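Asks: Encoded as structure tokens, here's the structure I'll be asking about.
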Amino acid sequence: MNTKLLKIFNFRFSLLKILRYLSFLPREKIKIFLFGFIFLLLLGNQPAQAGELAEKLANFPNWEKIKVVKPAVGDLQYPEWMAGDWQVSSTLVDLAAPLAPDIMTPGFAGNRQYLNQPIDFRVRFVETQPEIPELKMLPRTVSQEKVIVSDRAFNGLNLARAYLGDRAVIAVKVDPQTPNRQITLLRGEKQLVSIVSSRATETTADDTFITAEVFQQLFKGGNTPYFNSVESTTAYHKLSTEQPRIVADQVTAVYLSPQDSNYFQAGNKPVALYRYQLEFTRINLDGDV
């Protein structure tokens, strides 16, 4: 049985088990569950139209807002080959300000100092149960297929400290009610609140896994709160080597928020683009790379 047929079989088998347990629930709860389940199928980790994300990466720095993203439901699910702990080397290889000199984002000029300077940190992708709130009403004997997700608190803390320094970052906290909202606590009673509002995924013919997530960000702690929208698009590719390795091409696009006076002038164009090359090397259980 090929992989595609096996997935269909497993899905149908799991669905039959769920429906069997639904017979023990009140009718109103069954309606709530079915509505939520259908909604999840429509808006969950639904793949983008074939090739659109890959095409955007290939056309850098010509960039506009991604149109195929869907509302973020649950967490972003990664392929099985990304599970585990990794040592990452991230290098800023290019940056652009498409609307310069008329519109520039704060800090863009200063970020040129990071060009071709590798930044190292650790990340982790873990196996967990899928985030389906409607399934919480079912008996615990109902089995759910596990998925691979980012350890957002661990990864966010390591990334923030790698770029800002250990002393500048106090902690990264993920909302226990949703993995799509996290807060980075900084020294000086400052906070960066990040909320994933939408996302898309795509898998190419060579098994490259591409993700796009749109974040709404709020920086608090200065005289005036600063809002913006950030779009992160990453193409992960597993290398065929004895030592597990992954390479990735990532573009971070920064857009103005509606509160900015230049919002309508900017339109669908980002005010800053940053392109990174990432290398992931597997960390063994004893901590060695």
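Asks: Pop the C-beta distance of Arg124 and Ile195 into the FRET formula with R0 = 25 Å and round what comes out to the nearest 0.05.
Replies: Efficiency computed from Cβ-Cβ geometry: 0.70.
Asks: Could you state the accessible area per residue of the range 65-206 in Å², with a 1.4 Å probe and every protein chain left in place?
Replies: With all protein chains present, the range 65-206 gives 55 Å² per residue.
Asks: Still on this structure: Expressed as a whole percentage, what fraction of the accessible surface of the range 192-289 belongs to carbon and sulfur atoms when a 1.4 Å probe is rolled over the protein heavy atoms?
Replies: Using a 1.4 Å probe with all protein chains present, the range 192-289 comes out at 51 percent carbon and sulfur.
Asks: Dipole of the range 170-289, Cα-centred, from +1 at each Lys and Arg C-beta and -1 at each Asp and Glu C-beta, to the nearest 20 debye?
Replies: 500 debye
Asks: If you don't mind, there's one more thing I want to ask. Give the residue list of GluC sites (Glu not before Pro) in the range 188-264 that are DSSP loop and have at most 10 other beta-carbon atoms within 10 angstrom.
Replies: Hits after loop and neighbour filter: Glu189, Glu242.
Asks: Restricting to DSSP loop positions (anything but H, G, I, E, B) with no more than 15 other Cβ atoms inside 10 Å of their own Cβ, which trypsin sites (Lys or Arg not before Pro) remain in the range 164-234?
Replies: Within the range 164-234, the qualifying trypsin sites (Lys or Arg not before Pro) (loop, at most 15 other Cβ atoms within 10 Å) are Arg167, Arg187.
The values are calculated or read from the model by the stated rules, or taken from the named source; none is laboratory data. Since we're looking at a predicted model, the values are computed, not measured. Cβ: placed from backbone, ideal geometry, glycine included. Neighbour counts: every protein chain shown. Ligands, DNA and RNA are stripped out before the accessible areas are found, and what is left, the full protein with its side chains, is counted by its heavy atoms. Shrake-Rupley method; radii C 1.70, N 1.55, O 1.52, S 1.80 Å.
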